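What follows is calculated from the coordinates using simple rules that are stated; it is not laboratory data. On a predicted model such as this, the values are computed, not experimentally measured, just so you know. So basically every Cβ, Gly included, is an ideal-geometry build from the backbone, and we count neighbours across all protein chains shown.
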Amino acid sequence: MLSSDPILELEGLTKVYPGGLKALDNVDLTIRRGEIFALLGPNGAGKTTLIGAVCGLVRPTSGTMRVFGHDLATEWRQARSRIGLVPQELSTDMFEPVKRAVAYSRGLFGLPPNPERIEEILRSLSLWEKRDERIMALSGGMKRRVLIAKALAHEPDLLFLDEPTAGVDVELRKGMWRIIDQMRERGVTVILTTHYIEEAEEMADRVGIISGGRILMVDEKDAMMSRLGRTEAHITLAKPLDALPAALGHFPVELEDGGNAICYRGGDGTGKGKEEVAALTKALIAAGIDYSGIDTRESSLEDIFVTLLGEDEDAA
Ligand SMILES: Nc1ncnc2c1ncn2[C@@H]1O[C@H](COP(=O)(O)OP(=O)(O)OP(=O)(O)O)[C@@H](O)[C@H]1O
């Protein structure tokens, strides 16, 4: 269930690596219980550093972090035991059989063994048949699922997935999305990092855009798309025009393709582009201008992302 109850609160989180690189710059971020939050940013934006800070792998330079209301600086143990981390790559356990490695991960958090629970996790990730195989002998996609199983072994309430589908094929990516969806159904809050816009668009309830260690924007995905999205319509005319008729003067349109098409670009931030295109077609008919086709396109999260990053570079 999605609620406004915060599960993670970051305030003024800053990380300056030795050598002076500021990987996180005064990050404020609140994650709500039960949501899937996508942290979207280009390479080197600070995504892994942010996850590392919450999971205790990176020591922040300043700022506060609260998880489930526990201050990470003072109540580290209570908080960490409820967090799971799926890192980008498997670094240990390669020689271990799958089931043993996953059970071991549970034990690391001081939990008693629970073979039924481990079986359930392995089955849900389609790894049960492979439970006695060494991890090194598995395919790349299965190794990724082992990473998830290990992160779920101690039944965390908050799960970080760092680039869960980097470098995997489309089929595996979709499989991974289904797995993430199942976790949400179980009530796990998921924070995933990605530089695949498609992934954020498909999976997330909310999206945060990060670049150069700064959060540029956080919003509900749908709100972000209607607030920042725009509509483009390409109207092919039956006969070319020399100039735009005065009757269309109040629409955001231009004559293109040597007078053979009228292009509409509008609805910015209002979500009303489609309605305006419909009004435009009526105005065309009223003005006696015949057209042979209309191609309408709503902007995607990708367009928004590119625009925001472009503006950020301009401001820098
Ligand atoms: N241990 C480190 N020492 C010094 N600089 C580091 C260290 N780790 C990361 N950085 C730098 O901090 C910045 C942020 O890196 P980070 O790995 O957090 O980005 P990212 O958004 O996860 O990138 P990617 O998508 O490539 O994984 C980068 O410029 C990186 O080179």
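Some values worked out for this structure:
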{"quantity": "Equivalent ellipsoid, the stretch 1-149 (semi-axes from 5 times Cα gyration tensor eigenvalues, Å)", "calculated": "31, 19, 15"}
{"quantity": "Residue (of 176, 267, 97) at the positive-pole extreme of the chain, dipole from beta-carbon charges", "calculated": "97"}
{"quantity": "The stretch 230-298 - percent relative contact order, Cα under 8 Å, separation 6 or more", "calculated": "50 percent"}
{"quantity": "The chain: antiparallel DSSP beta bridges as a percent of all, rounded to 5", "calculated": "70 percent"}
{"quantity": "Degrees between helix 301-315 axis and first principal axis of the chain (Cα, 0 to 90, nearest 10)", "calculated": "90 degrees"}
{"quantity": "Acute angle (nearest 10 degrees) that the helix 115-124 long axis makes with the longest principal axis of the chain, alpha-carbon atoms", "calculated": "20 degrees"}
{"quantity": "Rounded Å value of the spacing that divides the Cα centres of the stretch 59-103 and the stretch 117-143", "calculated": "21 Å"}
{"quantity": "Sites residue 285 and residue 250 - FRET efficiency at Förster radius 25 Å, r taken between beta-carbons, to 0.05", "calculated": "0.95"}
{"quantity": "Ranked by how many other beta carbons lie within 10 Å on average, peptides 285-294, 47-56 from highest", "calculated": "47-56, 285-294"}
{"quantity": "Karplus 3J(HN,Hα) series, Hz, for the stretch 159-168 with 6.51 cos²θ - 1.76 cosθ + 1.60 (x for Gly, Pro)", "calculated": "10, 9, 10, 8, 6, x, 10, 4, x, 9"}
{"quantity": "Spatial separation of Cα centroids for the stretch 1-51 and the stretch 239-274, in angstrom", "calculated": "41 Å"}
{"quantity": "Debye, to nearest 20: dipole size of the chain, +1 on Lys, Arg Cβ, -1 on Asp, Glu Cβ", "calculated": "1420 debye"}
{"quantity": "Summed side-chain charge close to residue 35 - residues other than residue 35 whose Cβ falls under 9 Å, Lys, Arg +1, Asp, Glu -1", "calculated": "+3"}
{"quantity": "Relative contact order [Cα under 8 Å, 6+ residues apart], the chain, whole percent", "calculated": "19 percent"}
{"quantity": "0 to 90° range, to nearest 10: angle between helix 140-152 axis and the chain longest Cα axis", "calculated": "70 degrees"}
{"quantity": "Net lengthening on full extension, residue 108/residue 300 (0.36 nm per residue, minus Cα-Cα)", "calculated": "64.9 nm"}
